[in-house]
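Novice: There's a structure below that I have some questions on.
The values are calculated or read from the model by the stated rules, or taken from the named source; none is laboratory data. Everything numeric in this text was worked out from a predicted model, so none of it was measured. When we count neighbours, we look across all protein chains shown, and the Cβ atoms used for this are built from the backbone with ideal geometry, even at glycine. All accessible areas refer to the heavy atoms of the entire protein, side chains included, with ligands and DNA or RNA removed. Shrake-Rupley method; radii C 1.70, N 1.55, O 1.52, S 1.80 Å.
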Amino acid sequence: MSLTIRGSAKARDQPSCNGFFCRMVCLPKCIFGGFSRVMGRRNQYQPSELQLQHPQLLHPPVVPEDWAFLVSFEQQYGTTHPFFYACSFMQALKIAEDEHKLMFMYLHSPEHPFTPSFCSRTLSSELVVQFLGANFVCWGAIADRGEGLQMAATLQPASFPFCAVIAPAAGNNIAVLQQMEGPIDPAELVEILQRTMEEQGSAFGTTVRGREEEHMRARIKEEEKIKARAKEQEKLRADRQLREEQDAAYFVALQRDQEKENLRNARAQKPIEASNQTNYQNPRQMHREKQLGKPRQSSFVGEAQYKETTTHGKDTQILIRFPGGERREHNFSCTDKILSIYRYIDSLGLPGIANYRLISSFPRRVYSFDQMGMTLKDAGLHPRASLFVELL
């Protein structure tokens, strides 16, 4: 960064004003340590409208060290001056950072011969008061006591009055963007401050804005993740709802087809007497048993008798849905064969249930002659399943 010098080098007792430059200064621990106490306390040092109209109200009865400079200044030069925050250096720096402004620091040396003219003509000038109030956070201190003495030892001014433009920096450092030593008239002071703001204020303000933009990007990224998760969950719900609607439509269509088939069979088939139903033997069942090589024990087993002989050790629950909407539930053993389900259905003696096959809906699977010898566990029907009777 370039260094501009206004005028030639002068002795300590000569009026001087160093031009625009920038240097990093490490703050003493006694100053930087106060930073942890300033968080969240900014509003405590904001003047109210009543306090601005009556500056005497700005002086609290406690914390005299923070108010020593203002008391001394106003006793000698009146109440027309820039608004100086009556707080610690780090508190004022925090306020400047929050407001995206630079800090104007003034070290007041009451005994220096240049101080009276600078305070009465320059700092009390309406031009300087308005310019500093609109663009800077101002902080002042007496150069031979408290934090003023510590800042003077840190910055080592060559002469007084001493003014500096300060910006926050990383760690325990501050950036001194400009410093002015000795007397200076109001117009020249405003010109130097204006040039400093234009040339370097935006660069150091970018540091603060950069952190805010980084936080904003992090928040936006987190919000995008939340929206993506919500969208994914919504898609899963929509897919599940679509599958349920498709299954429901399939069941309705299947029921309608079965009702039509039942109606055709009812018209083509004569009524069967109840006595004939009890002696009815399904030829399809005979064919299945013959195909599996199992001996036939009786012509037919009634539903009640079937339940009595097949209730022990049953750990597989099968829900059977018939074309007419009727539902039957029965317990089987996981080692029973698919043929056992056909035998149970045949034992019910339901009208129109002659040629049929068993299917599962989701996933759709057909259990016909090829699966007769398969156990219920191997067929994936254990411990519970729902089957549909589809007429052929």
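Novice: Take TYR77, TYR356 and sort them by solvent-accessible surface of the protein heavy atoms, 1.4 Å probe, largest at the top.
Specialist: Result of the area sort, largest leading: TYR77, TYR356.
Novice: Just to verify a number: FRET efficiency for PHE362 and GLU224, C-beta to C-beta distance, R0 = 30 Å, to 0.05?
Specialist: Rounded to the nearest 0.05, the efficiency is 0.25.
Novice: Sticking with this one: Below 8 Å between Cα atoms, with a sequence gap of 6+, how large is the relative contact order for segment 65-208 in percent?
Specialist: This gives 28 percent for segment 65-208.
Novice: Between MET374 and HIS100, what FRET efficiency follows from the Cβ-Cβ distance if R0 is 56 Å, with the result rounded to 0.05?
Specialist: Efficiency for this residue pair is about 0.15.
Novice: Okay, moving on. Can you send over the solvent-accessible area of ARG328, 1.4 Å probe, protein chains only, in Å² to the nearest 10?
Specialist: Rounded to the nearest 10, the figure is 60 Å².
Novice: Here is a further query. How much net charge surrounds GLU224 when only other residues with a Cβ under 13 Å from its Cβ are counted (Lys, Arg +1; Asp, Glu -1)?
Specialist: +4
Novice: Next question. Quick one: accessible surface of LEU27, probe radius 1.4 Å, all protein chains present, in square angstrom to the nearest 10.
Specialist: Roughly 10 Å² of LEU27 is accessible to a 1.4 Å probe.
Novice: To continue, here is another question. Between HIS108 and residues 5 or more places away or on another chain, which pairs have amide H atoms under 5 Å apart, with H built 1.01 Å from N, and which residues are they?
Specialist: Under 5 Å from the amide H of HIS108: ALA141, ILE142, ALA143.
Novice: Let me ask another. Calculate, in nm to one decimal, what GLN194 and GLU234 gain on full extension: separation in residues at 0.36 nm each, minus their alpha carbon distance.
Specialist: Taking GLN194 through GLU234 to full extension adds about 8.8 nm, to one decimal.
Novice: Counting only other residues whose beta carbon sits under 10 Å from that of VAL389, what net charge do I get with K and R as +1, D and E as -1?
Specialist: Result for the local shell: +1.
Novice: Using a 1.4 Å probe and counting only protein heavy atoms, arrange ILE220, ILE345 so the residue with the most accessible area comes first.
Specialist: Highest to lowest solvent-accessible surface, that is ILE220, ILE345.
Novice: Pull out a ≥ b ≥ c, the square roots of the eigenvalues of the alpha-carbon gyration tensor of segment 316-391, then state rounded if a/c is under 1.5, prolate if not and a/b is larger than b/c, and oblate in the remaining case.
Specialist: rounded
Novice: Stretched out fully, how many nm does the piece from ARG243 to GLN255 gain, at 0.36 nm a residue minus the Cα gap?
Specialist: 2.5 nm
Novice: If a/c stays under 1.5 just call it rounded; otherwise compare a/b with b/c (prolate if a/b is bigger, oblate if not). Do that for segment 64-127, with a ≥ b ≥ c from the square roots of the Cα gyration tensor eigenvalues.
Specialist: prolate
Novice: Of TRP67, TRP139, which has the most accessible area and how do the rest follow, probe 1.4 Å?
Specialist: Listed by decreasing accessible area, they come as TRP67, TRP139.
Novice: Also: Looking at this model, which pairs from LYS101/LYS221; LYS314/LYS377; LYS94/LYS221 are more than 20 angstrom apart at the alpha-carbon?
Specialist: Result: LYS101/LYS221; LYS94/LYS221 exceed 20 Å.
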